[in-house]
Number of protein chains: 2
Amino acid sequence: MTYKKLAQDFLDTANVSIGDTVIIEKENVSYQGILLDRSGDSDDEYIVLKLDNGYNIGINIVNAKISLIEGGDKPQINYDNINITKDDEKEDILIISTGGTVSSIIDYKTGAVHPVFTAEDLLKSNPELLDLANINVKALYNILSENMKPEYWVETGKSIAKEIESGVDGVVVAHGTDTMHYTSAALSFMLSSPVPVVLTGAQRSSDRPSSDANINLINSVGAAKSDISEITVCMHSTLDDGYCDLHKGTKVRKMHTSRRDTFRSIDNEPIAKFKKGQISSINTNSYIRRNEKELDLNNKIESKVALIKTFPGITNELIEYHIDKGFKGLLIEGTGLGHLPDYMINSIERANEEEIAIVMTSQCIYGSINMNVYSTGRKLQNAGVISGYDMTPETAYVKLAWALGQSENLKEVKTIIETNIAGEINKKSSIKHFLN
Amino acid sequence: MTYKKLAQDFLDTANVSIGDTVIIEKENVSYQGILLDRSGDSDDEYIVLKLDNGYNIGINIVNAKISLIEGGDKPQINYDNINITKDDEKEDILIISTGGTVSSIIDYKTGAVHPVFTAEDLLKSNPELLDLANINVKALYNILSENMKPEYWVETGKSIAKEIESGVDGVVVAHGTDTMHYTSAALSFMLSSPVPVVLTGAQRSSDRPSSDANINLINSVGAAKSDISEITVCMHSTLDDGYCDLHKGTKVRKMHTSRRDTFRSIDNEPIAKFKKGQISSINTNSYIRRNEKELDLNNKIESKVALIKTFPGITNELIEYHIDKGFKGLLIEGTGLGHLPDYMINSIERANEEEIAIVMTSQCIYGSINMNVYSTGRKLQNAGVISGYDMTPETAYVKLAWALGQSENLKEVKTIIETNIAGEINKKSSIKHFLN
């Protein structure tokens with residue numbers, strides 16, 4: 001694709017073409033960057049620049065002036081020969097693509113975003129990754145993450161373990177943002193890894209102005225090369241700079257529908273900050289180092305687990321329905337410190353008698369469950385409800401499904417839930433990490 | 001109750017008694033405040049001071065020194081004659097008590113908190129309220145808020161309307177914090193009020209050190225006297241000062257299980273800040289003024305409404321169950337911009353065919369629904385799903401129950417849901433109000 005009509009006329013005024021570094025001046029603001037190609041049936045009044053900070057922005061050319069700074073090397077990479085020569089000095093990083101916005105493009109006819117990129121396309125649109133590491137790409141799925149299922153976690157875990165076994169120095173998982181934190185929690189419980197496994201995504205697709213795909217991928221490859229050998233999520237940390245936060249995979253949550261800095265550590269601080277593929281700061285020294293753990297995969301999951309959020313007006317029948325349907329685990333998103341209405345305790349007792357594991361978390365999102373403070377909490381504990389402590393409802397749901405995959409014995413499941421396995425429980429107060 | 005053994009011996013060293021202003025010096029820190037009585041079977045190594053900032057703190061007397069600053073007026077109020085003479089210069093404020101921690105005391109035997117105060121007790125433990133206004137108290141319920149039901153919202157609305165009709169200048173509703181934001185949303189939709197209606201509560205009960213009950217009540221009475229004639233929530237705004245934020249009743253949420261500053265405006269800023277019962281700052285001028293609206297009560301609610309939070313592994317059967325059970329409305333807490341797994345669309349279509357209203361919100365909590373961006377969202381809209389825009393899931397659940405109380409016609413319900421009624425929808429970007 002190339003620019004058309006007005007946009008092409010505008011570019012011709014300065015004799016510039018795709019790949020050149022240009023300055024555009026408009027209304028007393030000037031933008032310097034590399035002229036990018038425009039995808040699809042886009043409006044011919046806009047051109048797209050990649051700024052130095054890595055953002056792509058769209059600029060309306062009406063009343064704008066363009067001038068050439070430096071001709072670009074065109075094409076910057078040979079698209080027909082993406083598997084460049086392996087550099088033995090560099091780390092081998094594998095990118096596993098599962099779909100999502102980071103590997104999507106916009107459909108300019110409908111305005112909707114579709115998952116259509118292959119893993120190779122992903123690399124082609126982010127050629128800078130090749131400067132950081134020897135990159136291999138593998139397309140595992142091509143789905144938007146609202147369609148992720150526990151069985152896909154199982155397959156993703158298996159796939160990652162296989163690649164680690166074959167010797168990669170780090171893995172990046174490109175994933176849709178909607179349920180990335182569920183998948184990162186699942187991989188955290190399933191996988192003990194000697195190398196970093198970093199999940200990343202994008203809130204805006206690569207071909208859109210101000211996409212975050214490029215920055216997130218670059219910093220994720222940087223994190224996958226680092227010594228932080230945990231299952232993490234690496235995403236944009238603030239609205240307006242090139243930093244990414246590296247979050248513990250069990251303590252992170254998507255907290256905004258549209259902002260690029262949507263992923264936030266809950267009751268915790270991010271492990272580190274990355275910029276331009278390098279660590280720029282580290283918040284804590286308590287992380288697992290490269291080769292500290294041996295590779296181990298334990299990816300059995302029980303699928304008969306439900307997440308139930310309580311509300312004023314909820315009925316007992318909902319619990320009874322899940323008991324009758326043969327569910328093995330119920331993750332409750334209660335109110336406050338971990339409460340349900342009094343009238344539900346009978347059904348909770350019945351679930352407990354039928355050996356169903358019931359775990360309590362809070363719809364407050366932040367803070368820890370404490371069923372010792374109020375009479376309701378004490379009744380729930382007596383009825384067999386297990387504390388989710390400071391786990392997010394999403395992490396606790398995943399952990400419950402995983403724990404039920406490890407044991408059919410309710411006492412053992414309770415012990416697994418109450419034991420910190422992958423940084424998901426911090427029994428000491430983490431009260432200061434609120435809304436950060 | 002009075003102090004015992006060690007504590008009484010300690011107090012005797014300076015010949016002080018309850019109500020006196022004292023200084024206690026311990027480990028180079030000194031605390032000045034009014035000596036309070038100690039409740040229940042408490043440890044005899046602690047005494048309780050009310051500091052100038054309104055907090056009660058417990059101080060261990062080991063290695064501490066006490067001295068008398070000023071004798072107190074004892075008793076400060078006549079507990080047998082709480083209905084003091086009406087002062088015509090002051091506003092008439094009604095406190096309606098529904099229960100919750102703000103009207104609870106701790107059971108020192110079990111450590112659990114029980115709702116046991118009457119509304120009169122509430123006033124007795126917060127005598128400063130009488131300096132601010134003519135206070136009348138009314139005990140409507142005595143329940144912890146996890147036990148609130150939509151039918152109690154209906155009664156609370158009726159009760160408030162009756163009191164406003166009889167001429168009070170403002171109403172404070174003392175409420176448990178767990179579901180206070182559900183009730184504040186319900187009252188916002190039900191009630192058009194010429195005077196302020198302020199909900200408040202406490203994270204720590206009145207008789208515990210560092211209770212927030214007193215500060216919250218004082219500032220709520222201040223808010224009920226003010227010109228901000230909305231349905232609001234008035235609660236502690238930061239951990240360590242005497243400020244309260246006044247939140248719009250439809251845009252507020254309990255965001256932490258235990259912190260006192262747990263209530264936060266979502267995608268919005270608080271209307272104002274209060275300190276010592278006075279406005280200390282106003283963030284916006286767009287609020288409803290006193291007497292701007294006439295009293296109107298519209299408290300019909302449909303109770304067959306469910307809140308369903310999606311998760312990877314959710315099944316169609318859950319939707320089918322609610323259809324078969326005759327539910328009239330489903331509030332979906334989807335992922336990201338408002339998504340459900342693809343495979344659920346069939347059931348959503350069936351629900352729509354059966355005239356069930358389905359409203360989409362996001363488990364991100366912050367940000368707006370936008371079902372135009374991704375293909376999944378467009379399919380859901382085609383299946384009849386109504387956008388909840390930037391409503392919190394809790395507010396949207398309440399609004400759906402209320403909208404179904406207003407009309408049985410699905411088109412009309414859709415129009416009500418999509419129309420801003422009580423500040424709950426802000427279609428313009430409110431993206432900057434994130435985690436504040």
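The values are calculated or read from the model by the stated rules, or taken from the named source; none is laboratory data. Just so it is clear, the structure is predicted and the values come from calculations on it, not from any experiment. Don't worry about glycine lacking a Cβ; one is built from the backbone with ideal geometry, like all the others, and counts go over all protein chains shown. Remember, those area values only see protein heavy atoms, side chains included, never the ligands or the DNA or RNA. Shrake-Rupley method; radii C 1.70, N 1.55, O 1.52, S 1.80 Å.
Structure notes:
- Cα point-scatterer Debye curve for segment A:246-351, base-10 log of I(q)/I(0) at q = 0.11 Å⁻¹: -0.62
- Split the accessible area of the protein assembly as shown by element, probe 1.4 Å, and carbon with sulfur accounts for 45%.
- Accessible surface for B:Ile421 stands near 60 Å², nearest 10, in the context of the full protein assembly shown (1.4 Å probe).
- Across the identical copies, the 7 Å label point of B:Asn346, projected outward along Cα→Cβ, sits 3.6 nm from its counterparts, in ascending order.
- With a 1.4 Å probe rolled over the protein heavy atoms of all chains, the accessible area of A:Thr183, B:Thr415 falls in the order B:Thr415, A:Thr183, largest first.
- Every pair of different Cα atoms in the protein assembly as shown enters the Kirkwood calculation, which places the hydrodynamic radius at 29.1 Å.
- For segment A:328-342, residues shielded by at least 50 square angstrom of accessible area compared with the chain on its own, probe 1.4 Å: A:Thr335
- Relative frequency of Cα-Cα separations exceeding 21 Å in segment A:186-321, percent: 49
- For the options B:Lys309, B:Lys65, B:Lys300, a Gaussian network treatment of chain B with springs between C-alpha atoms closer than 10 Å singles out B:Lys65 as fluctuating the most.
- Efficiency of FRET between A:Gln32 and B:Asn346 - r from beta-carbon atoms, R0 51 angstrom, step 0.05: 0.50
- Candidates A:Gln278, A:Gln203, A:Gln381: whichever shows maximal mean-square fluctuation once chain A is modelled as a Gaussian network with Cα springs under 10 Å: A:Gln381
- Its Cα gyration tensor gives segment B:92-297 an equivalent ellipsoid. The semi-axes, each the square root of 5 times an eigenvalue, are 23, 19, 16 Å from largest down.
- Cross-link reach list, lysines versus A:Lys90, counting only Cα pairs under 24 Å and skipping chain neighbours closer than eight places: A:Lys124, A:Lys138, A:Lys162, A:Lys225, A:Lys273, A:Lys275, A:Lys276, A:Lys293
- For chain B, the alpha carbon convex hull comes to 158 Å³ per residue, rounded to a whole number.
- Accessible area expressed per residue, segment B:305-418, with surrounding protein chains retained (probe 1.4 Å, Å²): 29
- Cβ-derived FRET efficiency at R0 30 Å, A:Lys276 paired with A:Glu45, nearest 0.05: 0.40
- In straight-distance terms, cross-link reach from A:Lys5 covers every one of the aspartates and glutamates whose alpha-carbon lies under 13 Å from its own, apart from those fewer than eight places away in the same chain; here that gives A:Asp41, A:Asp43, A:Asp44, A:Glu45.
- 1.4 Å probe, heavy atoms, protein only - residues of segment A:123-146 losing at least 50 Å² accessible area vs chain alone: A:Glu146
- Surface accessible to a 1.4 Å probe, per residue, for the residues of segment B:92-297, Å²: 29
- Helical content of chain A, expressed as a calculated mean residue ellipticity at 222 nm, amounts to -7000 deg cm²/dmol (DSSP H runs of 4 or more residues, -39,500 (n - 2.57) each, divided by residue number, nearest 500).
- Spacing of the two label points (7 Å from each Cα toward its C-beta) at B:Leu435 and A:Asp227, in nm: 2.7
- Accessible-area loss of 40 Å² or more (1.4 Å probe, protein heavy atoms, chain alone versus all protein chains) is found in segment B:256-281 for B:His256, B:Thr257, B:Arg259.
- Hydrodynamic radius of segment A:305-418 per Kirkwood, over alpha carbon pairs, in Å: 13.6
- Within the shell defined by Cβ-Cβ distances under 12 Å, the residues around B:Thr376 carry a net charge of -1, with Lys and Arg each +1 and Asp and Glu each -1.
- With Cα atoms, 0 to 90° folded angle of helix A:150-165 axis to chain A main axis: 60
- Calculated label separations, A:Ser280, copies of the chain, 7 Å along the beta-carbon direction, nm: 3.4
- All-pairs Cα distance distribution in segment A:176-253, expressed in whole percent, bin size 5 Å: 3, 18, 26, 25, 17, 7, 3, 0
- Figure note: B:Lys411, B:Lys5 ranked by solvent-accessible area, largest first, 1.4 Å probe, ligands and nucleic acids not counted: B:Lys411, B:Lys5.
- Stokes-Einstein, applied to the Kirkwood radius of segment A:152-219 over Cα pairs at a viscosity of 0.692 mPa s and 37 °C, places its translational diffusion at 255 µm² s⁻¹.
- Surface accessible to a 1.4 Å probe, A:Lys50 within the full protein complex, Å²: 40
- Computed on protein heavy atoms with a 1.4 Å probe, the accessible areas place B:Glu302, B:Glu27 in the order B:Glu27, B:Glu302, largest first.
- Chain A packed on chain B takes about 5800 Å² of accessible surface away from a 1.4 Å probe, both sides summed.
- Accessible surface of A:Ile231 - all protein chains present, 1.4 Å probe, nearest 10 Å²: 20
- Modelled FRET efficiency - R0 56 Å, B:Asn15 with A:Glu269, Cβ distances, 0.05 increments: 0.65
- Top of B:Pro127, B:Pro150, B:Pro312 by mean-square fluctuation, Gaussian network on chain B, Cα under 10 Å: B:Pro312
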